[in-house]
Amino acid sequence: MSLRRYVVRRTLLTLPILLGVSVLTFGLVKLLPGTPVDYVLQFQEATPELRASLRAQYHLDEPLWKQYLLWLNDVLHLDFGDRVVSDRSVSAAIAERLPETLVLGGAAFLIALLVGVPAGVVAAVRRGTLLDEGSRVVALAGIATPNFWLGLLLILVFGVHLDLVSVIPPVAPILAPESLAFLVLPAVTLGTASAALFTRLTRSAVTDQLRQEYVRTARAKGLTERTVIVKHVLRNSLVSVVTVAAVQVAFLLDGAVVIERVFSWPGLGRLLVRAILQRDFPVVQAVVLLVAVAVVVANLLADVLYAWLDPRITY
Amino acid sequence: MPRNPLDGRGRLRVRGFGSDEAAADAPATPDSEADADAPPTDRVRRGWARFRRDRAAVAGLAIIALMALLAVFARPIEVGGVVVQPVALAPYDPGASGVAPAYLPPSFAHPFGTDWAGRDVFSRVLYGGRYSLSIGVIAVGIALLVGVPLGAVAGYVGGWVDETIMRLVDVLYAFPFLVLAIALVAVFGQGFWKLVGALVAVGWISYARLVRGEVLSVSERDYVLAARAVGASDGHILRRHVVPNAIAPVIVQATLNVGTVVLSAAALGFLGLGLEPGTAEWGSMLSAGRDTLVGGEWWVTVFPGLAIFLFVLSINLVGDGVRDALDPDADTDRFRTREAR
């Protein structure tokens with residue numbers, strides 16, 4: 001099958017998943033005690049007229065399947081309704097927070113790749129040495145450290161004791177110098193676990209490649225070890241690294257929810273946690289849906305990338 | 001070979017740190033075939049012998065055992081008014097506020113200091129093990145009870161049963177672990193069993209997927225086909241061949257997942273969404289977080305976090321050890337043995 005046909009087929013396969021995701025997200029709010037009207041009114045008394053108009057606004061008098069379809073139609077037009085705690089629309093709140101999370105997640109991802117991949121290569125090439133051992137221990141520790149605790153410790157050391165960075169986010173545009181300086185600690189915190197995973201993954205991929213015959217051939221024809229590793233082994237190892245990298249989206253989003261709270265980072269994760277505490281369910285619904293769609297799309301990209309990078313694979 | 005693009009994808013979990021992919025694909029060697037034919041007790045004994053040689057894993061197991069003992073003996077346990085465990089290692093009641101002034105730094109009387117309410121942090125950290133350990137073990141246990149049968153049925157029966165179960169798994173896989181757990185806690189509320197329920201609802205899918213894959217691959221093996229050819233019943237094949245071979249990766253995954261679950265529960269506690277606020281749970285104890293750091297009260301943050309870190313690190317070491325012990329090829333493959341060290 002050609003790559004193009006595979007991409008089309010793989011994309012079509014995500015449609016039922018996206019449908020399921022939307023049903024689940026819709027159903028989640030239906031499982032809440034009370035109706036959306038109760039939450040909008042914050043369980044306060046209201047005139048029957050107001051209740052009736054709110055019921056109509058949320059289509060509560062329609063059958064459930066119709067409610068879902070109406071909701072889905074709104075969602076497909078990026079209309080998630082209004083927030084419960086204010087008159088602003090959910091979409092506006094998300095549009096404001098999304099870039100913050102993307103910057104944080106992107107920075108963490110870069111750090112994870114730039115640290116993890118070289119560390120993994122070194123560990124594989126120097127397999128069995130102290131360096132390899134050391135990287136294993138550090139990676140194990142990186143995985144086991146609760147990210148919020150790591151963030152707090154970094155604040156303690158660099159923010160409080162050494163007084164190198166501000167402990168509260170600066171009021172400045174995202175890409176202003178003071179914002180970028182503040183970005184360092186949260187990004188390192190978020191990227192640590194991913195860096196550890198990349199290290200181990202790269203190490204195992206490179207180790208596998210080093211056993212291949214083409215490596216022996218490359219060495220036999222007199223290439224320097226450096227050329228063998230960089231030009232041949234690393235390139236082939238990166239196929240598996242790149243695909244797993246795309247799947248990291250879910251992992252980073254999970255981390256962002258927690259770390260945004262640690263650093264008062266004004267992103268989606270903080271919006272989600274706040275919304276839950278304030279019972280602002282349209283926001284919860286919208287963020288959860290958005291996150292799930294992002295993961296599905298990332299997985300799709302990962303598979304397509306994999307097929308494109310490794311021409312040996314036929315589908 | 002056609003590859004279902006959805007298999008083996010999804011979120012990245014905290015998994016082992018060896019060459020697990022390679023190990024899963026490795027063809028059976030004489031050693032593993034010998035293991036497959038060996039009576040189960042023999043297999044367990046050999047696995048234990050291999051596990052014992054991994055010093056890091058044994059150290060991890062010792063730390064977990066110690067933390068469990070400390071948690072059990074932290075305060076007396078009463079069951080229906082009868083004291084079944086009278087020992088109290090924790091010097092103070094973990095919930096009692098005002099046992100000392102607030103924010104005392106570590107001292108002989110309060111080794112880990114006191115928090116904002118004047119509660120003894122040392123007592124709370126000891127006692128907090130009860131929440132983290134029990135949530136980890138119970139949530140993983142129930143998730144196994146849900147996921148393993150569903151995965152086995154999906155793999156063995158196939159057809160629309162398989163389709164239904166696996167499409168549900170695919171949908172759930174689209175949600176990041178913590179985000180879905182947070183959403184479920186938001187809907188169903190706080191509390192121990194609701195938290196466990198949320199973690200189970202999110203956790204069972206990985207076992208279902210794993211077991212289904214194992215069952216599918218084992219069902220294709222020659223010895224299963226041979227057993228079927230000589231007229232063995234489905235039940236016999238499942239019990240004698242499929243389950244024993246599929247169970248090893250499940251045990252490894254479950255062990256490592258205890259760490260993931262404990263981390264998630266702690267993260268929920270930190271966000272104020274897990275147990276009731278003020279509970280002596282490790283994650284919840286950190287929720288005052290940054291404010292105390294700026295005030296210089298580092299001990300409130302450092303010690304509970306250290307407890308989580310130690311526990312999760314230990315469980316990962318044990319999980320790695322279990323994987324190496326249950327993967328008999330590790331002994332014969334020079335490369336992998338070195339990796340396991």
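Please treat every number below as a calculation from the coordinates, not as lab data. Just so you know, these numbers come straight off a predicted model, no measurement behind them. Note that each Cβ is placed from the backbone with ideal geometry, even for glycine, and that neighbours are counted across all protein chains shown.
What value, in deg cm²/dmol to 500, does the helix sum -39500 (n - 2.57) over DSSP H runs of n ≥ 4 give at 222 nm once divided by the residues of the protein assembly as shown? Numbers along the way, then the final one.
Working: 28 runs with 452 residues, N = 656.
Estimated from H runs of four or more residues: -23000 deg cm²/dmol.
How would chain A be classified by its alpha-carbon gyration tensor: rounded, prolate or oblate, with rounded meaning a/c under 1.5 and the a/b versus b/c comparison settling the rest?
Values: a/c = 3.19, a/b = 1.62, b/c = 1.97.
Oblate, since a/c reaches 1.5 and b/c is not below a/b.
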request  = Calculate the spin-label point distance for B:Glu163 paired with A:Arg5, positioning each point 7 Å from the Cα along the beta-carbon direction, and give it in nanometres.
outcome  = 2.2 nm
message = To make sure I understand, if each residue's beta carbon is the centre and we count other beta carbons within 10 Å, what order do B:Lys194, A:Lys30 fall in, fewest to most?
response = A:Lys30, B:Lys194
task = Order these peptides, A:179-190, B:237-248, by their mean beta-carbon neighbour count within 10 angstrom, highest first.
result = A:179-190, B:237-248
request  = Enumerate the whole-percent occupancy of each 10 Å bin, from 0 to the last occupied one, for all C-alpha pair distances of the range A:43-114.
outcome  = 16, 31, 28, 15, 8, 3, 0
ask   = Which of A:His161, A:His77, A:His59 comes first, and how do the rest follow, when ranked by fewest Cβ neighbours within 10 Å?
value = A:His77, A:His161, A:His59
ask   = What is the gain in length, in nm to one decimal, between A:Leu64 and A:Val160 on full extension, counting 0.36 nm per residue of separation less the C-alpha to C-alpha distance?
value = 29.2 nm
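In terms of the Cα gyration tensor, with a ≥ b ≥ c the square roots of its eigenvalues, is the range A:1-142 rounded because a/c is under 1.5, prolate because a/b exceeds b/c, or oblate?
It comes out prolate by the Cα gyration axes.
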request  = List the residues whose amide H sits under 5 Å from the amide H of B:Gln85, counting only those 5 or more places along or on another chain, with H placed 1.01 Å from N in the peptide plane.
outcome  = B:Ile77
GNM top mover of A:Ser91, A:Ser53, A:Ser194 - chain A, alpha-carbon springs below 10 Å = A:Ser53
query = Between B:Leu89 and A:Ser53, what is the spin-label point distance in nm, taking each point 7 Å from the Cα along the Cα→C-beta axis?
reply = 6.3 nm
ask   = Pick from A:Val137, A:Val90, A:Val206: which is most flexible by mean-square fluctuation in a GNM of chain A where alpha carbon atoms under 10 Å apart are linked?
value = A:Val137
note = Under Stokes-Einstein, the range B:110-209 at 37 °C and 0.692 mPa s, with its Kirkwood radius over C-alpha pairs, diffuses with a coefficient in µm²/s of 211 µm²/s
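Taking a ≥ b ≥ c as the square roots of the Cα gyration tensor eigenvalues, with a/c under 1.5 meaning rounded and otherwise prolate when a/b beats b/c, else oblate, which class fits the protein assembly as shown?
On the way: a/c = 1.37, a/b = 1.19, b/c = 1.15.
Judged from the Cα gyration tensor, the protein assembly as shown comes out rounded (a/c under 1.5).
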key: In range of the label at B:Leu310: residues from the range B:66-80 whose backbone nitrogen is under 15 Å from the point 7 Å along Cα→Cβ   = B:66-74
key: Highest-MSF residue in chain A out of A:Arg136, A:Arg216, A:Arg261 [GNM, Cα springs under 10 Å]   = A:Arg216
key: Normalised contact order of the range B:105-199, rounded percent, pairs of Cα under 8 Å and 6 or more residues apart   = 17 percent
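Test of understanding: what is the full-extension gain from B:Ala109 to B:Phe192, defined as 0.36 nm times their sequence separation minus their Cα-Cα distance? Each step should come with its number before you reach the end.
Numbers: separation 83, 0.36 × 83 = 29.88 nm, distance 3.10 nm.
The B:Ala109-B:Phe192 span can extend by a further 26.8 nm.
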ask   = Between A:Val85 and B:Glu220, what is the label-to-label distance in nm when each label sits 7 Å out along the Cα-to-Cβ direction?
value = 5.2 nm
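Calculate, for A:Gln212 and B:Val230, the FRET efficiency according to 1/(1 + (r/R0)^6) with r their C-beta to C-beta distance and R0 45 Å; round to the nearest 0.05. Please report the intermediate quantities before stating the final value.
Numbers: r = 41 Å, r/R0 = 0.91.
After rounding to 0.05, the efficiency reads 0.65.
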